[in-house]
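Take a look at the structure set out below.
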Amino acid sequence: MFRQILFLVLVVNVLAEDYKVVRLDVGSVRGEKYWAGDFYEFYGVPYATAPKGRDKFKAPLPVQPWEGIMDANIRHNVCEQVYLTDDDDDEIILDGVEDCLTMNLFVPTIANENNLVPVLVYIHSGAFSGGSGNMGKFNYLARHDVLVISFNYRLGFKGFACLGTEEIPGNAALKDQLAALRFINKYISKFGGDPNDVTLAGFSVGASMAELLALSKTTKGLIHKLILESGSALSPFAINRDPVNSATNLAISVGFKNTGKIEDLTEFLLNATAMDLAAGSKNFFLKNSTFGLSPCIENVVKNSEAILTESPLITFHKSDYEKIPVLTGFANMEGISRTIRFADWSEMMNDHFAEFLPGDLAFDSDKSRDDFINDVKKYYFKNEEITHDSVEGYIDYFSDSMFKYAIMKSAKMHALKSTRPVYLYEFSYVGKLSFKHGFMARIKGASHRDQTSYLIDFYDFTDSLADMDTRDRMTAMWTDFVKFENPTAYESLLIDVQWPKYTNKEQKYLQISDNLRVKKDLFENQYSFWDNVYEKFYWHPMPVDKKSMVVPEKTNVNEEKQKTVNEDKKPDVNEPPKKGTRDDKENNESETAKKSANEDIKKTETVDKKKSVNEPNVKSGTDDKKKPVPEEKKLNEKETSQKNPSSSKETTGK
């Protein structure tokens, strides 16, 4: 009898260790221990409630309480979306559900309310219209004794429609993400996570949104460190500069008769089906380095909490955000991800290159635009016809214009405005988990988001020892940053260098390849090339004009008087936004910031003036040989000299 009782006690104890029950005031959840690791898995935990019906574009509602213990084992919950296929004629199938606002938590066994561990929260990618918190597993990060969280947010037009009206105020997806962060802040200690030590991370568009949230006043006290992988709030695709036009084009594609009235467009979208909204949202490969949909600059709308109210570059310049440690970087050949369209686009680029310029540039004339196109063709394609043999220049062009320039600008602004540490990396390792493409025999480099494949398990397989070493290095450095604000806090056989902080004086970074190397002056010549044009023609996003359905006027930074460009061509649902102009007389402070921010960034590097901007391209992944001199004093002088609003001018483009 005693042996039977002892056996039952042992069985109960073993079973208890296989599960973890967390009791919240909205209900209890039970997670199961991972079969090959010291952490518990909680899948499908509700953090908010998606609004429905005529409220479907609004901010999420509080999570609905439940009774009893919920088994957190729903592994395949996704928000409504359609998938990218190889053939445009393939049948469109809607996947996902409306009630999708759930999160997954990976909780170390050592974590409890008396032993709180740091928290790492990931925002997934998917071109703003796809993906989910279940698109990868986080076991390789969770084994480092950090509590890792992924979550869903509304996608496509349900997440990013923005008309600036009470019914469709905009940025529903960002408001989902804010709700997730607030849920974490309130409840994570019950799981054993520290609400005062939360790192927000993201990959691709997830990185862009993570940085946008970190710059917003609405997240004060919710984010304590930031990790950005192949994306930035300053990326061309990060902000929708023409959200009304995007919504109009979508509506026209599914039957809307354009009346020019915002009320009619609003009513049409409120009654559109989930299939129509999701199908029209699939814009993975637009020529202007955007995805059609993305967050917008919001109006202050009744009964709606605005997250983004000004250009993120202006927020940077004003220094009006919480300063936190940042780890950021990119893959050395980000543009490999665009080679899927190389066969079609390379031919089109010869005669219609203007269509392939980044969507956040606003030229003041056709001549300015065409002069820059000539510079680009000389810099990246040696003034030769773009052919099948031009794939390296094509990759470098999209690497730099779509990803690298904006990420470097962000790193420079963080280093300029904050005393908190900034860590910069370039990832160039290529292994079995890297992106597969059609040019692998000719091109060896890391593609967009490749680094994330060695941090998160995207259900791929490798038996390569080099891949496993890279994964061990990456997860150790990332979680050391989460725990200690220092990615190389402890050296090991795999981590044999100290990752230095990036500053505007010492522009050091870590190259992550087969081994780790500390280098200097990443992307220096290419940055100067792009900064020359962005200094003159950057299109600052403005709040949506809800009074009419006129295309938002395009503004940039150096001219006072504005011109209006009327475009009569009927828009196609997938074409880039039209580029117009508008008067902006209401915010002189913002205009000063626009001009100053570009000049500040330019001053962060000293470029050899004898080197022409039209020189042959420096290939991705290579180091520039020039040695910049310290510029901190010049930066400070420039910062002081740009405080007079009357010195600001604006130029308009088309």
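The values are calculated or read from the model by the stated rules, or taken from the named source; none is laboratory data. Computed from a predicted structure; not experimentally measured. Positions of Cβ are generated from backbone atoms using ideal geometry, with glycine treated the same way; all protein chains shown enter the neighbour counts.
Of all the residues in segment 504-536, those that are closer than 23 Å to ARG420 by Cβ and surrounded by fewer than 17 Cβ atoms within 10 Å (Cβ to Cβ) number 5. Within segment 455-501, the set of residues being outside any helix (DSSP H, G or I), among the charged types (D, E, K, R) and within 16 Å of GLY431 (Cβ to Cβ) comprises ASP457, ASP460, ASP463.
The conditions of being among the hydroxyl-bearing types (Ser, Thr, Tyr), buried (at least 22 other Cβ atoms within 10 Å of the Cβ), over 17 Å from PHE191 (Cα atoms) and touching a Ser or Thr at 6+ places or on another chain (Cβ under 9 Å) are not met by SER150.
Going through VAL45, VAL11 one at a time, which residue ends up being at pLDDT 95 or above and either surrounded by 16 or more Cβ atoms within 10 Å (Cβ to Cβ) or out of contact with any Cys (no Cβ under 6 Å at 6 or more places or on another chain) (or both)? Walk me through how you get there before you give the answer.
Values: VAL11 fails: at pLDDT 95 or above.
On inspection, the qualifying residue turns out to be VAL45.
Regarding LEU174, is this residue within 24 Å of PRO51 (Cβ to Cβ), in contact with a helix residue (DSSP H, G or I) (Cβ under 8 Å, 6 or more places away or on another chain) and in a loop (DSSP other than H, G, I, E, B)? The answer is no for LEU174. Among the conditions (1) crowded, with 19+ Cβ neighbours inside 10 Å; (2) polar (S, T, N, Q); (3) over 18 Å from PHE291 (Cβ atoms); (4) modelled with pLDDT under 95, the only one that THR328 does not satisfy is (4).
Looking at the structure I just gave you, is ASN77 in contact (Cβ under 8 Å) with a residue 24 or more places away in the chain, farther than 30 Å from LEU269 by Cβ and either out of contact with any Pro (no Cβ under 8 Å at 6 or more places or on another chain) or surrounded by 14 or more Cβ atoms within 10 Å (Cβ to Cβ) (or both)? Walk me through it before giving the result.
Details: in contact (Cβ under 8 Å) with a residue 24 or more places away in the chain: yes; farther than 30 Å from LEU269 by Cβ: no; either out of contact with any Pro (no Cβ under 8 Å at 6 or more places or on another chain) or surrounded by 14 or more Cβ atoms within 10 Å (Cβ to Cβ) (or both): yes.
Against the criterion (in contact (Cβ under 8 Å) with a residue 24 or more places away in the chain, farther than 30 Å from LEU269 by Cβ and either out of contact with any Pro (no Cβ under 8 Å at 6 or more places or on another chain) or surrounded by 14 or more Cβ atoms within 10 Å (Cβ to Cβ) (or both)), ASN77 does not qualify.
Among the residues of segment 93-124 satisfying the criterion of being closer than 17 Å to GLU80 by Cβ and part of a loop (DSSP other than H, G, I, E, B), which is farthest from the chain's Cα centre (by Cα)? For segment 93-124, the residue satisfying everything is ILE93. Which residues, counting only those in segment 145-171, are part of a loop (DSSP other than H, G, I, E, B), hydrophobic (A, V, I, L, M, F, W, C) and either under 21 Å from TYR459 (Cβ atoms) or free of Cβ contacts under 8 Å to residues at least 24 places away in the same chain (or both)? Scanning segment 145-171 gives a single hit, LEU155. With the requirement that a residue be hydrophobic (A, V, I, L, M, F, W, C), at pLDDT below 80 and part of a loop (DSSP other than H, G, I, E, B), what does segment 268-300 give you? Those that are hydrophobic (A, V, I, L, M, F, W, C), at pLDDT below 80 and part of a loop (DSSP other than H, G, I, E, B): PHE284, PHE285.
What tally of residues in segment 416-454 results from selecting those that are assigned to a loop (DSSP other than H, G, I, E, B) and of a type in the set (A, V, I, L, M)? If you could, list the steps in order and put the result at the bottom.
Step one: filter segment 416-454 for residues assigned to a loop (DSSP other than H, G, I, E, B), giving 418-421, 428-449.
Imposing the further condition that a residue be of a type in the set (A, V, I, L, M) reduces the set to 430, 433, 440-441, 443, 446.
Selection size over segment 416-454: 6.
For segment 137-144, check the following and say yes or no: at least one residue is among the hydrophobic types (A, V, I, L, M, F, W, C), under 30 Å from ASN299 (Cβ atoms) and in contact (Cβ under 8 Å) with a residue 12 or more places away in the chain. Before you say what the answer is, go through the steps one by one.
To start, the set of residues in segment 137-144 that are among the hydrophobic types (A, V, I, L, M, F, W, C) comprises 138, 141-142.
This time we only want the ones that are under 30 Å from ASN299 (Cβ atoms), so: none.
No, there is no match, as no residue in segment 137-144 is among the hydrophobic types (A, V, I, L, M, F, W, C), under 30 Å from ASN299 (Cβ atoms) and in contact (Cβ under 8 Å) with a residue 12 or more places away in the chain.
Beta carbons closer than 8 Å, at least 6 apart along the sequence or on distinct chains, pair a first residue in segment 369-381 that is closer than 12 Å to SER401 by Cβ with a second that is surrounded by 16 or more Cβ atoms within 10 Å (Cβ to Cβ) and of a type in the set (Gly, Ala, Ser) for TYR380/GLY393. In segment 382-409, the residues that are closer than 16 Å to ALA441 by Cα reach residues that are surrounded by fewer than 23 Cβ atoms within 10 Å (Cβ to Cβ) with C-beta atoms within less than 6 angstrom, at least six apart or across chains, in these pairs: VAL391/PHE439.
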